[in-house]
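Notes to accompany the following structure.
The values are calculated or read from the model by the stated rules, or taken from the named source; none is laboratory data. For clarity, every value in this text was computed on a predicted model and none was experimentally measured. Note: ideal-geometry Cβ built from the backbone for every residue, glycine included; neighbour counts use all protein chains shown.
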Amino acid sequence: MHPPPRSSTSATSSTAGIRPASSPPFDEAAADLSGKFPEYAHLIAAWGERFGETIDDPVPGVHDLVAELEARGVPLFGITNFSADFWAPFRAKEDAFFARFRDIVVSGEEKLLKPDPAIYYLALDRFGLRPDQALFIDDRQINVDGALAVGMHAHLFTDANDLRARLEAVGLL
């Protein structure tokens, strides 16, 4: 199946920083954990302060693919299971990459997590797309399956070369 020309692609997202959608903000959770485990309070605090260091470098070739898609006029959107607490500083740090996206649904802000169908429907509605107009890309099979279940085209990301082949096969590159 080939998506129509108005296809979108969803950014592959790190699952770092995820907490259940209904859980409290990091500061509250850290205070609670520190109260329960005072001997580890300094480590709990350090995790929050140094969260950015837990995120790996970009996967080789991905930034180039995103730039090529943007240059071809392919609308780019994202869905990430990022925590609301850590999204803004990460987004700012990686602005050159994320500025290419027209919109990004952040699970921590929406209180929904992939692969809950509700997050895909929310994203499609916000992006103004039907499921069959979207190519969802993710590095976790469970999230790819979630996208397929709501009628989106989907691709399991393994590396940039494999993704390039898929994007070429569907006419996006």
In region 16-57, which residues are in a loop (DSSP other than H, G, I, E, B) and either at pLDDT 85 or above or crowded, with 16+ Cβ neighbours inside 10 Å (or both)?
17, 18, 19, 21, 37, 50
Filtering region 62-113 down to residues that are of a type in the set (Lys, Arg) and at pLDDT below 95, which residue is farthest from residue 138 (Cα to Cα)?
93
Check region 76-94 and report whether any residue there is of a type in the set (Lys, Arg), in contact with a Gly (Cβ under 9 Å, 6 or more places away or on another chain) and at negative phi.
yes
Can you pull out the residues in region 127-138 that are more than 15 Å from the chain's Cα centre (by Cα) and either on the phi < 0 side of the Ramachandran plot or in a strand (DSSP E or B) (or both)?
129, 130, 131, 132, 133
For residue 122, state whether it is part of a helix (DSSP H, G or I) and either under 19 Å from residue 56 (Cα atoms) or at pLDDT 95 or above (or both).
yes
Can you pull out every residue in region 80-104 that is under 22 Å from residue 64 (Cα atoms) and surrounded by 15 or more Cβ atoms within 10 Å (Cβ to Cβ)?
80, 90, 91, 97, 98, 100, 101, 104
Among 96, 41, which is the only one that is of a type in the set (Gly, Ala, Ser) and under 25 Å from residue 167 (Cβ atoms)?
96
Of (1) surrounded by 15 or more Cβ atoms within 10 Å (Cβ to Cβ); (2) over 30 Å from residue 25 (Cβ atoms), residue 110 fails just (2)
Please verify whether region 140-147 includes one or more residues that are touching a strand residue (DSSP E or B) at 6+ places or on another chain (Cβ under 6 Å), in contact (Cβ under 8 Å) with a residue 24 or more places away in the chain, at negative phi and buried (at least 21 other Cβ atoms within 10 Å of the Cβ).
yes
